[in-house]
Structures are given as structure tokens and as C-alpha cells.
Amino acid sequence: MAAASRYNPAEIEPKWQNHWLETEADQAEDDPQKPKFYALSMFPYPSGNLHMGHVRNYVITDVMARWRRMQGYRVLHPMGWDAFGLPAENAAIERGIHPAQWTQQNIAQMKQQLQKLGLSLDWSREVATCSPDYYQWTQWLFLQFYQAGLAYQKEAAVNWDPVDQTVLANEQVDGEGRSWRSGAKVERKLLTQWFLKITDYAEELLNNLETLPGWPDRVKLMQANWIGKSVGAYLEFPVAGMDEKIGVFTTRPDTVYGVTYMVIAPEHPLTQKVTTPDRKEAVDQFIQQVSQESEVERTSEDKPKRGILTGGKAINPFTEQEIPILIADYVLYEYGTGAVMGVPAHDDRDFQFASENKLPIKQVIVPHGEEAKEPLEQAYTEEEGVMVNSGQFNGMNCEDGKQAVIDYAQQQGWGQAKSQYRLRDWLISRQRYWGVPIPIIHCPSCGAVPVPDKDLPVELPEDIEFSGRGGSPLTKLESWFKVSCPSCGEPAERETDTMDTFIDSSWYFLRYTDANNPQQAFSQEKVNDWMPVDQYVGGIEHAILHLLYSRFFTKVLRDRGLLNCDEPFQRLLTQGMVQGMTYKNPTTGQYIPPQQIDPDDPKDPKTGEPLKVFYEKMSKSKFNGVDPLDVLETYGADTARMFILFKAPPEKDLEWDSADVEGQFRFLNKVWRLVTDFAEQSSEVTSNNGNLSKEEKDLRHAIHTAIQSISEDLEQDYQFNTAVSELMKLSNAMSEASCKTSPVYQEGIEALVKLLAPFAPHITEELWHRLGYQDSVHQQDWLEADPEALTVDEINLVIQIKGKTRGTIPVPANASRDELEQYARNSDIAQRYLEGNEIKKVIVVPGKLVNFVI
């Protein structure tokens, strides 16, 4: 038997990490006879360094994975890298290092850091989205969308840097609308780009949110708002003097008699057609101004709305009156129909716009019992009221009027009922190098031709120069993009756009189910065996796009017959942020590094001003981060894990506190001493022949209470913090127990190690072996509470006088209400306080307390 020694995580943690890797302890079993559990953390971008947010995410998922294995599940708990994206390309430009090399270095570094956390990951299924053996299947899946009519090209506006002659991502445009690199004012420019038809699935994406009870309501609401379903009418307004119509969508068809102007987007194809010669110069000038604004600038709520008359007229078919056509910055061609009807009397934005542009305002809805006002001081926007100035619909209430107007429009051929979504088709084209090449060849004769499956992957060329100027490097490499058409053999050109990196992360969870399959993206048998993911864990910042796109991909691939689940993620946990102590000068707004501050008297070292001290999300720029590697070096991974799990419930923000980290280190030291002391003396355990003393019964009650409570904490809402509290209570009960040679004490020691195992895997593996066992603690069965041990012979009855606790006495657990009162009256405590006083009332709470009112 090993002699007792001090707890040394620096020695035991690498030992067991290497052992688990060598023995492939965490590889998932493909055995359909056993129940499965698929535990998944959102995979990281390989930036090069782990931060505390990563650590929290992966530790939470790891506890779930380890616990489910002990419950008898076969567990899939994989890891990979979301490895394409802009930072690698920026590194290539700034440091002259190829994006692939930069990415691979970062992956190697982060993998090493991850392995120090003792995560039970199946590294045999590791994927990197930038690897050709992964993106071959990303390209193949794109072609599935293309064959289904769900991938198409159209013109769309991009951010254009006129100096560097390149397309910029939104995050490369600063708050003033300038390029982050050249400083030039960014322009909006139309380019032909690729889209995926997510709008075809809008209704199902919305309705299926109701089938996800394991998702936070907050996330479901965010998705529902993003999809943004509106129910209303599609109406058409003829253009005067030509055979054209302007189509609009409205949720208020009851206000159609109040339409006094039309607004179309500056980039709408009709703009040039409806503009009269006398307005052409002013309209062109306005379009030029608007083209230099970003979408965010154009649609900002607090920005004045600008518009200009085109000279063209439309006809309101309901009133048969001509109304002016304007263009305005707030109407976007990509959204809805690219046109809106102006109803200034019943819309705040329209009222303000009409007032500023001296356009007519006509009231057509009034509150019940009131008449139309002339002039209106503000828009009447309530959806309750009566229709006026509305021809045959006068006197109808709004709700009935909506349907009546739709029915009439349908009869006349002017429109129909329609639902519209805020959701727009997904623009996936990126004019950049470091992404998945879109597998399409453009032929002058055949048009867009898919790259044949046998020619996939279309690999990124390596002989590339990165300058950050003049567009994507792929457009300059003729040896790569000039090819023959796969259909007719004529000279043709490859598509030089690459895909949005959200595509890569919209199916990675499917690849994990069959990660080493060279013939398919995944086999149906394996994907249907493991999917859906049972528990997904990640940050709230991915609540909309990543989750929505993953749901969309799953539904499309289901409809292509590739898998059979409707939703990818059964349960979702959005973990809170990790916050650090932050010091900020409230006057200058500058953050101050903690090393420059006396924490007892925090002042700005330069100005002497008192600093604001608060917790905020960890960030380099705020000097409030804690390097996980420093914590691992000082305390070990198990302490870091225990602190993260204990400090706050997983969905809440966590405030980093070094004193609490120290507290968890002390707790693990206590467990170490308890178990190693027992391991030295275990040969002295004597049988009690099943006859338990009161102390043994009490200890057994504490052990099985811990088993029951921890199991409930894990089963219900993953309340790891209260589970760790229960582990502490059990260790206290073990410390206070004097029956150290009893089989019950041995049961308690082994239970403590097993219950602690998912939380602190290294120390428990070491202690399990020190107890004389050869196999892994992580392969033991999860404990079940013994109902008999949970019942108690005695309870401590609280004695209160006028609601104030004066002491406790032991009484039989099954004592009746009358017996409890009698025990309390006869106790020394009650006698002392009741002497000479009249008892007015006795309140008995069975199993808890007796309160005397005197």
C-alpha cells in the first residue's frame, strides 16, 4: 500500500492524462445496444490561447460526459477546430506567415493546453474545418443544397474599400464607416454573390422551436424574433403611365386608404424607370450619397430619415388617386419587396417623414366614438379603432377591416393575404482566401456547373501572396481559376468566392458521428445512431446565427434523405461569462492594470483619482483576465475545475476570486488526507455483522443524502454549485465521524471518491488506485441512494419561544404531533424559559419545530 503523501497535482495530473490517452479511455463506443449520450461543447476558433470562457464551457460539458459514462451510457464527447476565418488571413498579411501554418501552430498549442484540463475527449474524432478531408464534405453538402434549388446567385451590396480595391467584412468597418486598414470611407457596391434559401424553411424553423423544451426560453425568443414572422397582405400599386407595378407587404391593410405616397429603395430596378428627366440629377446624387452608407447606418432608429421625390407617380388602386413615388435611405432592396407604402397618419416614422417632406397626411382610423382630426398632431398607431375615409369599409373595426380589405384586393387582382419574415436568405459568399472554395465552375456556354463529386475537394492553392489589397488572392491566380468546363470541355473559370465560416460550423456535429469516413460526410447508420446531440453547451452570443444555421442544415439534410432527425440539439445550456475584477478611471474611461494599483486604495497611478472597481467580462483590453495556465500551474486542473463549478450556477456569470480558488484547493487537500489516511489503515476495517450503531446510521444517512442530492443536481438543471456543496458536507461528515474502522466509513470514503470523480477526475483516479483498485474510477457505476439509509430514527427538534430558537433536542422521527409537544414541554430548554409564564399557544411543525407563544 502506498504511504500517505501530500497532495501534488503537478505530479498526478500529467500521469493520469497520459494514461487516459494511451489507453484510449475516452473513445466513444459504436454499440447501439447501449443507451447513448452525445455531449458537445461549441468548438473553438484556434486563436492560440485558451481563455477562462473556454475552460468553463469545456469543464461543464466534461462533468456531464463523465457522469453519464458512470451511469452506463456510451458517450460521444468530441473536440475540433473552427479553423477558417479572417484572423488567419490578417496574420498572413501582417506577419508574412501562411494562414494554414498560423492555424496549425495555434491548434497544436491549444490542444496541448486543453489536454491539461483533464477533459474526457475522444481525440480520435478530432476535426479541423480547414483540412481538405473536412472541407471536401462541406463542398459536397453545398452541392446538395445546389441540387435541391436552395443555393443560388444574385446581386447584393457589399462593403467596398475604394483604396485597397477589396471587399470588407462588417467587422472590418469602423464606427465611422471607414476601412480598418486604409482608412478610406467605405462604399456600398453591388456584386453577384451566392445565397442559401433559408427563407424556404422559415415557417418550420419558427414552429419547431416549440419542440425544444430543453432550450432556454430566452434563446427561443431571440430566434423567433430573428425569424420575425409578420402576417398581413401583399398589395400592388400600378405605376402611372407605364406597365409596371410596385409590390409592398403590410401588416395594416386596414390603412390602405391612407396611403399618400410610395417609397422604393434607391437601388430598386424601378428607380431609374420612374425617375423623370427633371429629377434625374438630384436622384443620381442622392443614390451616390446613400451608396456610401452601411446598412446599419441606413436603418438606424435614431438617424433622421432622408428621401427625395423621383417625379414618378403610382396609383392607389383603392382610391384611384395618383400618389408620388420617392426613394429613401431607410428602405433596403434586399428586405421584403424593396418598397413600402407611406401611411403617415398611422405610422410614427411615416408621420415624421411626411411632415419633413410636406407630403399629405390622411387619417383613416379613429378611436371608437371619435372623428377624424384635421390636422393630425401625431400618428394614431393603435390597432384598435374604426375605419373612416375608407369608401365601402367605413365604420368597420380595424380587425374586421384587415380581412375585408384583403378579400377585396384578391377579388380585384390587386393583392392577397401573405406572411412575411424578417429573416433573409443567407449570403454565404466571401471575397477572401481562407475559407472553403465554392465548388462551381462558370462556363460561357453552360453557365454555373457544379464540380463533379470525383473532383472534390477543390483545394485552396498554397502559392498565394497576401497583401490585403486588390481583392481576394484567388482572383489573381490564373493557374488555379482557369479550368475546363466539366460539361462541355470549353475554357471556363472557377468560382473565386469562398464560403462564410458559419457553413463549416453548421454541420461539424454531424461529422463527429463518423469523423474518419473517407467515403462519405457521414454514414446514415452512424449519424442516426448518435444524433441529435443530447446536450450542447456554448455562449449566448451564438444564440441566433450559429444555432439557426445548424437547425437549417439539419432540416435540409433530412429532406435530402441523409439523416432522420428534425432538430440537431435536444438540450442547450448557454453558460454565463467569466468576469474579472476591473479597475477603471470614470473620468478618462481608461482601464488600469491591477499590478499598478493598491487594491486597498485603488487610485489612478498617473492622476491619483479614485478608480471605479467592478466585475466585467474578462478581456485583454481591460487588463482583468486570468491566464488559465497560471492557475493550472499553481493549483492544478482539478482545483480550477472545482472553482468554476462551485462559484456560480452554469448559466449565470461567474466572478473570478482567487480566495475562492484557494478554498477549493484546501477542500481537495482535505479529501486527499481523508482518503490516504484511510488507505493506510484500511486493513483495520472490522465487520459489524449488519448491526449499525447510531453513529454509523447517522454517517450512512449523510452518505446516501449526498448521493441523492448530487444525482438530483446533475439530473435536473446541472446545478454543479450545489452538488459541490453536498460533496463538502459529506467530507465534513467523514471528518467528524469517529467510526474509522467501520465498513460504513469505508463505504463513505469510496462514495466520496466516486461522487467527486466527474468534477475532479485526476485526484479521484489517484485516490481510487491508492484504495487498492486496479480499474478506473471513471468506469465505476454511479451510486444510487439506499431508501432505507435515507430514513432516520431520530431528528433534532427545534424548540422556539415566541419564534426565537432556544435550542434543539433529539426525538423519535416518527413521533406524533402530541408526542412532539410533550417532548418539547418536558425538555430542560422549555422548562427554563416557560417557568412562571402562561402558555397562550403551541405551534407544532411535525419533523421540524415546536414554538411556544407565552
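The values are calculated or read from the model by the stated rules, or taken from the named source; none is laboratory data. Just so you know, these numbers come straight off a predicted model, no measurement behind them. Glycine gets a Cβ as well: all are built from the backbone with ideal geometry, and neighbour counts include every protein chain shown. Surface accessibility is based on the protein's heavy atoms, side chains included, excluding ligands, DNA and RNA. Shrake-Rupley method; radii C 1.70, N 1.55, O 1.52, S 1.80 Å.
Laid out as a table, the results:
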| item | result |
| --- | --- |
| Using alpha-carbon coordinates, inclination of helix 280-291 to the longest axis of the chain, degrees | 10 degrees |
| Contact order relative to length of the chain, as percent, for alpha carbon pairs under 8 angstrom and 6 or more apart | 13 percent |
| Net charge of neighbours whose Cβ lies under 14 Å from the Cβ of residue 670, counting Lys and Arg as +1 and Asp and Glu as -1 | 0 |
| Ordering of 96-102, 434-440 by packing [mean C-beta count within 10 Å, highest first] | 434-440, 96-102 |
| Gain in span if fully extended, residue 152 to residue 685, counting 0.36 nm per residue against the direct Cα distance | 184.4 nm |
| On Cα atoms only, tilt of 86-95 relative to the major axis of the chain in degrees | 90 degrees |
| Stretchable slack from residue 124 to residue 614, in nm (0.36 nm times residue separation minus alpha-carbon distance) | 172.1 nm |
| q = 0.05, 0.10 Å⁻¹, the chain: log10 I(q)/I(0) [Debye, one scatterer per Cα] | -0.42, -1.20 |
| Surface accessible to a 1.4 Å probe, residue 52 within the full protein complex, Å² | 10 Å² |
| Sites residue 303 and residue 225, calculated FRET efficiency, Cβ-Cβ separation with R0 30 Å, nearest 0.05 | 0.85 |
| Accessible area (Å², 1.4 Å probe, nearest 10) - residue 806 | 90 Å² |
| The range 666-727 versus the range 124-149: alpha-carbon centroid distance in Å | 49 Å |
| Average accessible area per residue (Å²) across the chain - probe 1.4 Å, nucleic acids and ligands excluded | 45 Å² |
| Overall Cα dimensions of the range 760-837, principal axis frame, Å, largest first | 67, 23, 20 |
| Using a Förster distance of 60 Å, the FRET efficiency for residue 349-residue 804 (Cβ separation, nearest 0.05) | 0.40 |
| Over the chain: helical MRE at 222 nm, DSSP H runs n ≥ 4 each giving -39500 (n - 2.57), nearest 500 | -10500 deg cm²/dmol |
| Peptides 750-759, 424-433 ordered by average Cβ neighbours within 10 Å, highest first | 750-759, 424-433 |
| Qualifying GluC sites (Glu not before Pro) for the range 775-819 [loop in DSSP, other Cβ within 10 Å: at most 15] | 784 |
| Estimated FRET transfer efficiency when R0 is 51 angstrom, pair residue 207-residue 19 (beta carbons, to 0.05) | 0.55 |
| Net charge contributed by nearby residues that have their C-beta within less than 15 Å of residue 602 (K/R +1, D/E -1) | -1 |
| Residue 845 - accessible surface, heavy atoms, 1.4 Å probe, Å² rounded to 10 | 50 Å² |
| Length gained when the stretch residue 392-residue 105 is fully extended (0.36 nm per residue, less Cα-Cα span) | 96.0 nm |
| Nearest 10 degrees, 0 to 90: helix 694-715 Cα axis against the chain principal axis | 10 degrees |
